[in-house]
Amino acid sequence: MNKVRRMAALQARAFNKIGYGVLQIDLFGCGDSSGEFREARWDIWKQDIALAVNWLKERSTAPINLWGCRLGALLALDFTCSVVYHIDNILLWQPILNGQSFLTQFLRFELASKIFSHDSQEINNVSLLRNTLANGKVLEVAGYELSPELTGAIDRLKINDFNPVDHTIHWIEIVADINQPISSAKINIMEKWMKGGNTVEITQVSCLPFWITQEISECQNLISITSDLFTDQSKDVN
C-alpha cells in the first residue's frame, strides 16, 4: 500500500492537469482512515467506495470513473458489478487475476522475514499460516494484522468471475518488455468482457514494478500513457 501511494498521487495530479477531478480515499483500516487494518472487511471497503461516489454525485454531475491498482482493481470491478451506480470508465493498473494466489504470495512475506531473521523455530509454511486464519485467528504479516474474514473474501476473488456491462475498461500491465505477447488468460478475459458490451483495451508499459521495489520508485511511462488514454475524455469528469 505504501509503495503505490506515491504513484497514485502523481497520477492524480496528472489527471487534474488534463481536466479531471480526482478523489483519493483511504479505505477503512488503511492510511489516515478510521479503524485498524485487522478490522477491515471487503464489504466495508465497497461501502467506502459507495460513500465516495455519493460524495462526488453531491458535488458534480460529471461522469464517474473508478481506478484501482493490483487488489484495488478487483475491488473496483466488484463494486461496479454489484451496485446500481453507473460507472463510466474503469482503470485497472496491474490487476490481480486470482485472489488466492495473491494472498499466498503475501503470506510468503512472513516466511521470508523469519528466514531472514534466522529464527528457524518460527519458520512455518504457507499451509500452516492459512490454518491459523482458518481457525479464526488474526495473522500478522509484514506489520499488517490480517483477519480471517478479509483473507477469506480475498481468497474467493477471481477476475474472470466479474462480468461488467457497457463500460470502457482500460487495463494497464507493467512488463519488462512491451513486445512480449499478452497472456492467453488475459486475452480470454478481455474477449469475455467485450461480449458483455464493454470496450476493453490492454496496454503494456515497460518500467519497474513499483509496488514491490525496495525503495519508493516512480514510473513516468505509466503516468504518461494513462493520461493519454484519458485525455480525449477529459471534459467535466471525475
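The values are calculated or read from the model by the stated rules, or taken from the named source; none is laboratory data. It should be emphasised that the depicted structure is a prediction, and the values quoted were computed from it without experimental measurement. When we count neighbours, we look across all protein chains shown, and the Cβ atoms used for this are built from the backbone with ideal geometry, even at glycine.
Assorted remarks:
- Criterion applied to Ile87, Ile178, Ile169 was being at pLDDT 95 or above and in the same structural domain as Ile225 (by TED's automatic domain parsing), and the one residue passing it is Ile169.
- Filter pass, Ile90 being touching a Phe, Trp or Tyr at 6+ places or on another chain (Cβ under 9 Å) and crowded, with 21+ Cβ neighbours inside 10 Å: yes
- When Leu27, Leu56 are screened for being out of contact with any Cys (no Cβ under 7 Å at 6 or more places or on another chain) and closer than 14 Å to Tyr85 by Cβ, only Leu56 passes.
- Cβ pairs under 7 Å, 6+ apart, first in the range 9-38 and within 30 Å of Val138 (Cβ to Cβ), second β-branched (Val, Ile, Thr): Phe28/Ile44; Arg38/Val138
- In the condition set (1) assigned by TED's automatic domain parsing to the domain that holds Ile169; (2) surrounded by 13 or more Cβ atoms within 10 Å (Cβ to Cβ), Leu107 is compliant with all but (1).
- Any hit, the range 162-181, residues being part of a helix (DSSP H, G or I) and in contact (Cβ under 8 Å) with a residue 24 or more places away in the chain: no
- Taking the range 48-87 as the range and being exposed (fewer than 15 other Cβ atoms within 10 Å of the Cβ), outside any loop (DSSP other than H, G, I, E, B), among the polar types (S, T, N, Q) and touching a residue at least 12 places away in the same chain (Cβ under 8 Å) as the test, only Ser82 passes.
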